[in-house]
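Colleague: This is the structure I want to talk about, given as structure tokens.
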Amino acid sequence: MMVSDGVGSYSRGWKLLQQMLGGTEARSVRAAWRRLSPDFERYVLTFLAGEVWSRRGLDRRTRSLCTIAALAALGRREGLALNIRMALRNGATRAEILETLLHLAPYAGFPAAWEALVLAEQVFGERTRSPRRRTRRARR
């Protein structure tokens, strides 16, 4: 279990967010949180990323799939989109994400699963349209 150490948790959380989103997107998301509320940005980096996501016991891929299921069940679109992007960087496959959302349907309701599947497809589409991916494909 991680124990809160203030600055260390914040630094650990910021480093983890960069690993899970990539530097550019992490900076963008962090700036958006800070614009909304500097305290929110600090809570997310210190507690959520710096302590909860940094715990031992589950790998990042598994944590991502659990988080996707919870956010989809709760209908939290912004968090779900962000966590689908992070899940892909954390080693989850498109098929695993879709299976997680399908598995959710009888527990959280088919409408929740349907909305989450639609959002997941949008996020997957963003990834195939990104300039960096097109550049890589063009080089092949």
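Each value in this text was obtained by applying a stated rule to the coordinates, not by laboratory testing. Computed from a predicted structure; not experimentally measured. Cβ atoms come from the backbone with ideal geometry, glycine included; neighbour counts cover every protein chain shown.
Colleague: Please sort through the DSSP H helices of the chain and keep those with an alpha-carbon extent of at least 27 Å along the long axis and a Kyte-Doolittle average not below 1.0.
Modeller: Answer set is empty.
Colleague: Farthest toward the dipole's positive end in the range 1-57, which of 46, 11, 36, given Cβ charges of +1 (Lys, Arg) and -1 (Asp, Glu) about the Cα centre?
Modeller: After comparing all options, I get 11.
Colleague: Another question about this same structure. Mind giving me the FRET efficiency for residue 103 and residue 18? R0 is 22 Å, r the Cβ-Cβ distance, nearest 0.05 is fine.
Modeller: Rounded to the nearest 0.05, the efficiency is 0.15.
Colleague: Pick out, in residue order, every one of the trypsin sites (Lys or Arg not before Pro) in the range 12-116 that is DSSP loop and has at most 10 other C-beta atoms within 10 Å; say none if there are none. If you can, show how the numbers build up before the last one.
Modeller: Details: sites: 12, 15, 27, 30, 34, 35, 42, 55, 56, 60, 61, 63, 76, 77, 85, 89, 94; in loops: 55, 56, 76.
Filter output for the range 12-116: 55, 56.
Colleague: Here's a follow-up. Between residue 76 and residue 11, what's the calculated FRET efficiency when r is the beta-carbon distance and R0 is 35 Å? Round to 0.05. Kindly include the intermediate steps, with their values, before the conclusion.
Modeller: Details: r = 27 Å, r/R0 = 0.76.
For residue 76 and residue 11, the calculated efficiency is 0.85.
Colleague: Suppose every K and R has +1 on its Cβ and every D and E has -1 on its Cβ; what is the size of the dipole of the range 1-111 about the Cα centre, in Debye to the nearest 20?
Modeller: Dipole size: approximately 260 debye.
Colleague: Another one. Over the chain, what relative contact order in percent results from Cα pairs under 8 Å that are six or more residues apart?
Modeller: Values: 138 pairs, mean separation 30.7, N = 140.
Taking the mean separation of contacting Cα pairs over the length of the chain, I get 22 percent.
Colleague: Can you pull the one-decimal nm distance between simple spin-label points at residue 48 and residue 126, each 7 Å off the Cα toward Cβ?
Modeller: Placing both labels 7 Å along Cα→Cβ, they lie 1.4 nm apart.
Colleague: Would you mind ranking 93, 67 by Cβ crowding within 10 Å, fewest neighbours first?
Modeller: 93, 67
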